[in-house]
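Read the structure below first, then the notes.
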Amino acid sequence: MATHKTHYEGLREWLEIVQGWGNVVGIDGAHWDEEIGALSQLARKKHQGPALLFDRIPDYQPGYRILVNALGATRRLALTLAVGEVGDDRELMQKWKAKWKGLKLIPPREVRDVRDVKVAPLFENRYFDRDVDLSRFPAPHWHERDGGRYLGTGCVVIFRDPDGGWVNLGTYRIQFQGGNRVTCMIGALHHGAILREKYLSRGERCPVAIVLGPDPLLFLTASALGVPPGGSEYDYAGGIKGEPIAVIQGERTGLPIPAAAEIALEGFFSPGARVEEGPFGEFTGYYASGARQEPVAEIEAVYHRSQPIILGAPPTRPPNESTYTNAILRSSSAEEELIAAGIPDVHGVWCHEVGAGRMMIAVAIKQRYPGHAKQALTMTTSCYTGAQMGKIVIAVDEDVDITNLEEVMWAVCTRIDPARDVEILRRMPGGHLDPSLERGHTHTNSRLLIDATRPYEWREKFAPAVTVSKELTERVQKKWGHLLGQL
């Protein structure tokens, strides 16, 4: 009998709920060198596939585990977003949009008595300075052409603004560089890169905390939510969960770290300290960033629960776990940004998985005036969510299902005249993971804007679309609905 428990603290309790549903497959003995990565990629090829829990990994203590594909199914994502039971992705999207629009932020709560492992289980095991040895944790070689082994893929990286004290959580790949050293590759547009550079440009060490086994909700808020600058992902996660996230103060950096995390590393990036990082198979489906010199952090403190779990989210060619979650969360963020910018009658935004949840966005509007579609297009590609590796934006009328790629492309094929309805914006913010840009020249890119709406000036004369009316649909479903499931 599946459990109906929905409240949880941290990754471990989340996993217990999902195991109660029978949604987790345990795998013992898979090797860290490519086998775990290959199995992870194959599992995500299957839509709504199970999560995989790897244990007894060769060269590591039994109980040092890796969980992958945690969010690759509707029910597991709904649990994480605390929206209740849902029947399918459409219902999940509607419930999430309603929750997102009414979200009230809740700041984190600091745990004072860190000696009590019931309230601060992360501090069960602590190591400092010379006792720090990151090789105790399994770091897979995820993809065949990766340039090294990566501890962090489903991780949360914590920085603090040296000026205003703003705490930011992001997700960036963490390569194990041996001993107590790791690299953290961050794209220039991301908040983490901006904050880190503030310290390093002043000749100061940059404090960082890296959580390798976070609550899946914190991973989502850090990687896909699109929290604006100055906003803390902790506050948003607390609002989604309905209660504050319990945090403890790191003993070396003073950064707030989730008290129920599985593993956390504390350290510092030093000015000028760099080592080679990459290549790494990324969410675009390419090894696009190559190998480069990246800032290296020396870890001074390690905390972990007994028998810790690493949350793995290794990217691969779309569609995959990350593009699925991006489609749900980034679409809602972009829609709210358009509405906040004053774009009227936005009927929805969808960040399509085929573009890794970033590079192809469809926006549906009910046209109100000439130029409305062009306004929506330019705002979509310029807003915070759309600017991150955005390349193609398509505007459609409200009668098009933007989540259905075939319907979107039907509108493109039948409602545009290329000379009239296609625009290119040049020198927009680029992305170093975009494989279409020449390496070393990824600072800017161009954007393709496609107005696939009926031309406003003569939209009433546009040929009517072949469809089944709402009234006829209801009448047929009432009479023949018992047979529709066989069609």
The range 376-390 - residue that is polar (S, T, N, Q) and open to solvent by less than 10 Å² (accessible area, probe 1.4 Å) and, of those, nearest to the chain's Cα centre (by Cα): Thr385
Pairs where the first residue, in the range 375-392, is closer than 20 Å to Thr284 by Cβ and the second is part of a helix (DSSP H, G or I) and open to solvent by 20 Å² or more (accessible area, probe 1.4 Å), C-beta under 7 Å, 6+ apart: Tyr384/Glu337; Thr385/Glu337
Count of residues meeting criterion [assigned to a loop (DSSP other than H, G, I, E, B), in contact with a helix residue (DSSP H, G or I) (Cβ under 7 Å, 6 or more places away or on another chain) and buried (at least 17 other Cβ atoms within 10 Å of the Cβ)] in the range 269-318: 7
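Out of Thr453, Thr473, which single residue is of a type in the set (Val, Ile, Thr), at pLDDT 90 or above and surrounded by 11 or more Cβ atoms within 10 Å (Cβ to Cβ)?
Testing whether each residue is of a type in the set (Val, Ile, Thr), at pLDDT 90 or above and surrounded by 11 or more Cβ atoms within 10 Å (Cβ to Cβ) leaves just Thr453.
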Test: residue in the range 139-157 that is in a helix (DSSP H, G or I) and either touching a Lys or Arg at 6+ places or on another chain (Cβ under 7 Å) or over 27 Å from Thr183 (Cα atoms) (or both): no
Filter pass, Thr183 being of a type outside the set (Phe, Trp, Tyr), free of Cβ contacts under 8 Å to residues at least 60 places away in the same chain, surrounded by 17 or more Cβ atoms within 10 Å (Cβ to Cβ) and not in a loop (DSSP other than H, G, I, E, B): no
Candidate set: the range 321-375, residues that are charged (D, E, K, R) and open to solvent by less than 40 Å² (accessible area, probe 1.4 Å); chosen: the one modelled with the highest pLDDT: Glu335
Of residues in the range 205-230 being over 17 Å from Cys184 (Cβ atoms) and either open to solvent by 20 Å² or more (accessible area, probe 1.4 Å) or part of a loop (DSSP other than H, G, I, E, B) (or both), the one modelled with the highest pLDDT: Asp215
Within the range 168-180, tally of residues that are β-branched (Val, Ile, Thr) and either open to solvent by less than 10 Å² (accessible area, probe 1.4 Å) or over 15 Å from Ala264 (Cα atoms) (or both): 1
Restricting the range 118-130 to residues that are part of a helix (DSSP H, G or I) and touching a residue at least 40 places away in the same chain (Cβ under 8 Å), the residue that is surrounded by the most Cβ atoms within 10 Å (Cβ to Cβ): Leu122
Residues satisfying the stated conditions in the range 296-340, i.e. farther than 26 Å from Asp129 by Cβ, among the hydrophobic types (A, V, I, L, M, F, W, C), touching a residue at least 12 places away in the same chain (Cβ under 8 Å) and touching a strand residue (DSSP E or B) at 6+ places or on another chain (Cβ under 8 Å): Leu311, Ala313, Ala327, Ala334, Leu338
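With respect to Pro58, is the statement that it is at pLDDT 90 or above, open to solvent by 10 Å² or more (accessible area, probe 1.4 Å), in a loop (DSSP other than H, G, I, E, B) and farther than 25 Å from Pro121 by Cα true?
Taking the combined requirement at face value, the residue satisfies it.
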Any hit, the range 391-407, residues being part of a helix (DSSP H, G or I) and open to solvent by less than 10 Å² (accessible area, probe 1.4 Å): no
Residue match in the range 87-99 (condition: open to solvent by 60 Å² or more (accessible area, probe 1.4 Å) and either touching a Cys at 6+ places or on another chain (Cβ under 8 Å) or in a loop (DSSP other than H, G, I, E, B) (or both)): yes
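The values are calculated or read from the model by the stated rules, or taken from the named source; none is laboratory data. Since the structure is predicted, the reported quantities are computational estimates derived from the model, not experimental observations. Cβ sites come from the backbone with ideal geometry, for glycine too, and all protein chains shown count toward neighbours. Surface areas here come from the heavy atoms of the whole protein model, side chains and all, with no ligands, DNA or RNA. Shrake-Rupley method; radii C 1.70, N 1.55, O 1.52, S 1.80 Å.
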